[in-house]
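This report concerns only the one structure given below.
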Amino acid sequence: MPDKVGIRGAGQRRFIDELPFCRAMNMVLEEVGEGTAVVSMPWDDRLVGDPVTGVAHGGAVSSLLDTCGGVAVLSHPARPSTTATLNFRIDYMRPATPGQTITAHATCFHLTRTVAFVRTLATDEDKANPVATATGAFVVQT
Amino acid sequence: MNRKRPEPVQVVKQRRDAALRALVAGIPFVQFLGIAFERHGDELTAVLKFDDMQVGNPELPALHGGVTAAFLETAALVELGWQNLWHEIESGRLDAESLNPGTLPRMPKTIDITVDYLRSGLPRDAYARARVNRSGRRYASVMVEAWQDNRTRPMAQATGHFLMPSPAAE
């Protein structure tokens, strides 16, 4: 649930750094466009959800997707001032390969006065096979 | 009087708590988020202890939506794993004291989860309880609800589908 903290003013990288949870997860804002965003999360042993296989917890992937979706909303040309997640549905296609950076791509493809609609995709280093996809509705204030 | 005498309460509690510990303690991301489980009989309550790093909106401040989603997913998965484990533990087929992540039955895997954010997550502890609505051989459907101060004012709810571990893989 990113908010209005300086997405356009203080520099893109700082935006993510100012959200404590994103900082704790070492998320990096790679790209931001007009309603699109790319956020990556380097591998960390703390992300593991299955100690037997060493695979990342689903919640780690959904945190990345939620963050990336929020950034895409704030970068929409209509320039909403704040946003918060209203609903988020995540589909897990396959386990992310342990040790690899996970990257999320998000597009805010429609925005009304109150709601933004978002699609997101997560991949590891095998870009051809998605790890997870998510669709979300975010509340916005314009 | 052929009826078997009930086991001492301490023995029962120790066995159940050891099984729950084995299920939860070995998951690094659950430890990182600060999620613990309280048990009353077979009823589990997930507890997310507030920490400053969970904040996603520093102005309000509010919990990061990803923390809430991860908390709900964890509560659902552990409830499902716990229910699968319960009969094995109670019947004595599994020895709770010797359980560890390596010897536990495999955990279910999340297929999908849909999270509804009902209220902004406040900077304080949160609780969650999950209900398994269908538990079949192939998949399970689980509902989960999280709240903070008032049980009747949930902060978030979720429904998820989970792939059950295949018996052949064990």
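The values are calculated or read from the model by the stated rules, or taken from the named source; none is laboratory data. Owing to the predicted nature of the structure, the values given are computational and were not obtained by experimental measurement. Counting neighbours? That spans all protein chains shown, and the Cβs are built from the backbone with ideal geometry, glycine included.
Counting only strands (runs of 3 or more DSSP E) that sit wholly inside region A:35-133, those with at least 1 residues that are more than 23 Å from residue B:33 (Cβ to Cβ) are A:36-41, A:82-92, A:102-111, A:115-123.
Looking across region A:23-79, the residues that are basic (Lys, Arg) and more than 24 Å from residue A:113 (Cα to Cα) come down to A:23, A:46.
Test of understanding: among A:107, A:112, A:101, which residue is closer than 17 Å to residue A:35 by Cα, of a type in the set (Ser, Thr, Tyr) and touching a residue at least 40 places away in the same chain (Cβ under 8 Å)?
Unique residue meeting the criteria: A:107.
Do you know which of the residues in region B:122-170 that are of a type in the set (Gly, Ala, Ser), in contact with a helix residue (DSSP H, G or I) (Cβ under 9 Å, 6 or more places away or on another chain) and modelled with pLDDT of 95 or more is surrounded by the fewest Cβ atoms within 10 Å (Cβ to Cβ)? Looking at residues that are of a type in the set (Gly, Ala, Ser), in contact with a helix residue (DSSP H, G or I) (Cβ under 9 Å, 6 or more places away or on another chain) and modelled with pLDDT of 95 or more, I get B:140. Counting only helices (runs of 4 or more DSSP H) that sit completely within region B:1-105, those holding 3 or more residues that are out of contact with any helix residue (DSSP H, G or I) (no Cβ under 6 Å at 6 or more places or on another chain) correspond to B:9-24, B:65-90. Being surrounded by 15 or more Cβ atoms within 10 Å (Cβ to Cβ), out of contact with any helix residue (DSSP H, G or I) (no Cβ under 6 Å at 6 or more places or on another chain), within 13 Å of another protein chain (Cβ to nearest Cβ) and assigned to a strand (DSSP E or B) is true of residue B:114. State whether the residues of region B:44-53 include one that is crowded, with 20+ Cβ neighbours inside 10 Å, of a type outside the set (Lys, Arg), more than 7 Å from chain A (Cβ to nearest Cβ) and closer than 18 Å to residue B:104 by Cα. Scanning region B:44-53, I find no residue that is crowded, with 20+ Cβ neighbours inside 10 Å, of a type outside the set (Lys, Arg), more than 7 Å from chain A (Cβ to nearest Cβ) and closer than 18 Å to residue B:104 by Cα, so the answer is no. Sub-9 Å Cβ pairs linking a first residue in region B:29-44 that is in contact (Cβ under 8 Å) with a residue 60 or more places away in the chain to a second residue that is in a helix (DSSP H, G or I), at least 6 apart or interchain, are B:44/B:20; B:44/B:75; B:44/B:78; B:44/B:79; B:44/B:82, ordered by first then second residue. Among residues of region B:60-89 that are at the interface with chain A (Cβ under 8 Å from one of its Cβ atoms), those with a Cβ under 6 angstrom from a residue that is buried (at least 23 other Cβ atoms within 10 Å of the Cβ) and among the acidic types (Asp, Glu), sequence gap 6+ or separate chain, pair up as B:65/A:66; B:66/A:66.
Any idea which residue in region A:49-76 is farthest from the other protein chains (Cβ to nearest Cβ), counting only those that are over 19 Å from residue B:57 (Cβ atoms) and among the small types (Gly, Ala, Ser)? This residue is A:54. In the list A:134, A:96, A:116, which residue meets the criterion of being in contact with a helix residue (DSSP H, G or I) (Cβ under 6 Å, 6 or more places away or on another chain), surrounded by 24 or more Cβ atoms within 10 Å (Cβ to Cβ) and closer than 30 Å to residue B:163 by Cα? Result of the check over A:134, A:96, A:116: A:134. The condition (being away from chain B (no Cβ under 14 Å), over 11 Å from the mean Cα position of the chain (by Cα) and either of a type outside the set (Asp, Glu) or under 19 Å from residue B:75 (Cβ atoms) (or both)) is satisfied by just one residue among A:94, A:89, A:79, A:46: A:79.
Of the residues A:41, A:27, A:1, only one is among the aliphatic types (A, V, I, L, M), closer than 20 Å to residue B:55 by Cβ, under 12 Å from the mean Cα position of the chain (by Cα) and modelled with pLDDT under 95; which?
Exactly one residue qualifies, and that residue is A:1.
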